[in-house]
Each structure stands twice: as structure tokens, then as C-alpha cells.
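Notes follow the structure.
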Amino acid sequence: MKLANRVNRVTPSMTLAISAKAKAMKTEGLDVCSFSAGEPDFDTPDHIKAAAKQALDEGKTRYGPAAGEPALRQAIAEKLQAENGLCYGADNVIVTNGGKHSLYGLMMALIEPGDEVIIPAPYWVSYPEMVQLADGTPVIVPTTKETGYKITPEQLRQAITPKTKLFVLNSPSNPTGMIYSPEEIRALAEVVVEADIWVVSDEIYEKILYDGSTHLSIGAVSPEAYDRTLVSNGFAKAYSMTGWRVGYLAGPIPVIKALTTIQSHATSNVCTFAQYGAIAALRGPQDCVETMRLAFAERRQVIIDRIKAIPGLTCGEPQGAFYLYVDISQLGMPSLDFCNRLLDEKYVATVPGISFGTEGTARISYATGMETILKGMDRLEAFVKAYS
Ligand code: GLU
């Protein structure tokens, strides 16, 4: 059987593959400490679940508009205005099957063969693959520890060619947890406007910030930046709704309409009653978000202190998300070997840096309980000692 060429250009998602392996090992009865997928370990808050249950009872079980329930699109538009300073109405929003699918839909709507998409590395595993699936060309711009794994305006400027269509910005970042300061966002916006390219801002971790850091959406920088910005976000991380698959893309109406056309053929609407849970997430009390953030903050400190105390490993102090990007280069082991051996020998699951486009690193997600963190760090320490 000859499969389509595009399938040969991409590999399966490593984050999903490793977390599935860790879950399968747990099911076999093995005592696995999983730091793999970025999946909050909290249950979805009760008022959100109650709203979805109520929607089910009220018969919200039928097809809905492909772009999403009007009430959810409206709630998202109001959130973007109030929290992010982005002047959108409901028509500027499409509800998608998770944040991931908003980005996939965008690539389908925007990217043509030959179009270049600038992606700073380390990047979330799915960005380049989505570009490839859309027959575009990912242009990977390596960043370094010294710049906090952030692309500089000069690097962005240099990467732009007449074929550049889109720049992918992700702050707070998966996998590094670094955030771009408002000044850095403004400087990148200037380059985007100057070059007249699109920017998609993946803001899925915007609410998970530490030490008083702030998040600025690039679309809020200036009217010119706003015109060129698409915002991707979702409910999975802030409201612990990973399995609900509700996300969204916001931006200029022609782009949203194009995505809606594609979605109307690809998936139709996102699960109707799940969308009612998402409305409750936005309209309901927000203290659940803060409670989870505080738990992440506590875990973050513990994990940073433990990693820094292990000779052979180093890490920065990321200001957002729930990831730590650990430098394992002193061990002289390819990141894939490191992660495989750590999982096979110590039952500790992490994600190799190579899947995020950098070697000599591994990603640790601390969206997991403190008990797992303490046990996992003991095992990691013993592992590193044995190989040093
Ligand atoms: N985004 C999360 C992660 O990076 C969940 C898995 C995925 O979709 O990649 O771990």
C-alpha cells in the first residue's frame, strides 16, 4: 500500500507516545513516575462538570454550528477583550477541538506549498509537523540557554524571506517554561509588522505564571500587530480540561471563516455539551485557576531545587507553564537514550529534548503530584549518579 507522501514527512507526537507508554507501564502494575505529558493532574473543577452535565440533561447533544456555540464564542471574545486587550467579537472566534486543532486548522487555512513558517527551537513537538502536513516549510531558528531559549528580534529578522508567511510564538513556552517579557513581545511585534507577516500566538499557558510575571499578547501591542495576529488558546491547561478537547482560535474574520469551512468538513462542531462546560469555565469563579497555579508554583520550586542539587544537571528558573527544561549535556548521552534508559531502568518518564528540536536536554513536566515529584527526583538523582 502506498500512503500519501505527507505521512512520511512527519513522526508521531513524542509527548503523547511517551505518556501513553508510561500509562501502559502503570497499568501493568509498575510504579512509574511520569513527568511526560503536560497534563494537569487535577480533576476538572466541579462547577464546570456540573454545567456540562446540565447541558446533557437539557438535550444539548445535537450538532451545533461548525464554528462553535454562539454563547461560547461570545464568552471567549469577552475574555480576550477583558484579559488580553484584544478587540474581538464572537465572529472573530472559532471553537476548535482543543488548542492543538486550532493550530492545525490554521496551517490548513493559511499555508501553501513553498510557504515558510518560522518556528523558534526548542518548540512544541507538533508545530513543525503541522506545517509539514500543510505542505509548508518549517524554518527552525535555534535559540540558546543564554537568551533564555527565546528568539531575538534580530534572529527573527534574519530568518524572514520573501516566502515567509507565518511566525509561531509561544509564551509561556512549552517545553522551556520561559516567557517573553512585554518589551521582548513589543520588539518582536515590530519585526512582524515591518515584514508584514502573520504571527500565531499560542497562549495556552498564559494563566500559569510565577514570581509576578505578566503575559502580553502580541496582538495587543499595536493596531498593526493586531491585524497580523492570530491567537490560539484553550481550556485544557488553565482549567484542567485536557480530555474535553475545547480550544479556540481568534483573529481576523476572513481567517476564522476559512477555518470554519475547513472544520465544517473535517470535524463539524466541537462536542456540544463540552462547550457548555467551557462557558462555565469562563463565566464562573476563577479561584480554581489560582489554586492550581499555586500548587504548580510549589512543585516548581521543589523540582528546581532538586535538579540544581544533582551534579551533572543544570536548569534555569522558568517563569511560566509547568515544564522544566533540563540541560543533560554533561552526561554525554543523546537525549533519547537518556529518556529511554531513565524510563526502562528507573520507571521515570521524561521527554527527550530532540523531540523539541534541541539535543542535550530533557523536559520534565511538573503537572504531577508532590509525592511523584519527590520519588521521581530521588530516582533521577540515582540514575544520573550511576552514569556520571
Ligand atoms: N501539550 C502537552 C505536552 O506537550 C500535551 C501533549 C501534546 O499534545 O503534545 O505535553
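Tabulated results
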| quantity | calculated |
| --- | --- |
| Inverse mean reciprocal Cα-Cα distance (Kirkwood Rh) of the stretch 202-267, Å | 13.6 Å |
| DSSP-loop trypsin sites (Lys or Arg not before Pro) across the stretch 30-95, with at most 10 other Cβ within 10 angstrom | Arg62 |
| Rounded, prolate or oblate (a/c below 1.5 giving rounded, otherwise prolate when a/b exceeds b/c) for the stretch 98-137 by Cα gyration tensor | oblate |
| About the Cα centre, charge dipole magnitude for the chain (Lys/Arg +1, Asp/Glu -1 at Cβ), debye | 880 debye |
| Cα-based Rg / Dmax (Å) for the stretch 5-140 | 19.0, 51 |
| The chain, accessible area per residue, ligands and nucleic acids excluded (1.4 Å, Å²) | 41 Å² |
| Accessible-area composition of the chain, carbon plus sulfur, in percent [1.4 Å probe] | 54 percent |
| Overall form of the stretch 308-388 per C-alpha gyration tensor (a/c, 1.5; a/b vs b/c) | rounded |
| Over the chain, relative contact order from alpha-carbon pairs under 8 Å, at least 6 apart, % | 24 percent |
| Volume in Å³ per residue [convex hull over Cα atoms, computed for the stretch 184-317] | 167 Å³ |
| Subset of Lys53/Lys79; Lys53/Lys375; Lys79/Lys150 violating a 30 Å alpha-carbon distance limit | Lys53/Lys375 |
| Packing-based order for 330-343, 347-360, 3-16, using average beta carbon neighbours within 10 Å, highest first | 347-360, 330-343, 3-16 |
| Residue-level accessible surface for Glu69, protein heavy atoms, 1.4 Å, Å² | 20 Å² |
| Volume in Å³ per residue [convex hull over Cα atoms, computed for the stretch 243-355] | 191 Å³ |
| Diffusion coefficient, µm² s⁻¹, Stokes-Einstein with Kirkwood Rh over alpha-carbon pairs of the stretch 91-177 at 4 °C and 1.567 mPa s | 95 µm²/s |
| Kyte-Doolittle mean at least -1.0, axial Cα span of 15 Å or more - DSSP H helices of the chain | 14-27, 46-57, 70-84, 98-110, 182-195, 253-266, 272-283, 287-308, 335-346, 370-387 |
| Set of lysines near Lys49 by C-alpha distance (under 18 Å), chain-local residues within fewer than 8 positions excluded | Lys60, Lys237 |
| Bins of 20 Å from zero: percent of alpha-carbon pairs in the chain | 28, 59, 13, 0 |
| Student exercise, the stretch 266-374 dipole from Lys, Arg, Asp, Glu Cβ charges, in Debye to nearest 20 | 180 debye |
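The values are calculated or read from the model by the stated rules, or taken from the named source; none is laboratory data. Since this is a predicted model, take the numbers as computed values, not measurements. Glycine also receives a Cβ, built like all others from the backbone with ideal geometry; neighbour counts cover every protein chain displayed. Each accessible area value is taken on the protein alone, full model and side chains, heavy atoms only, with ligands, DNA and RNA left out. Shrake-Rupley method; radii C 1.70, N 1.55, O 1.52, S 1.80 Å.
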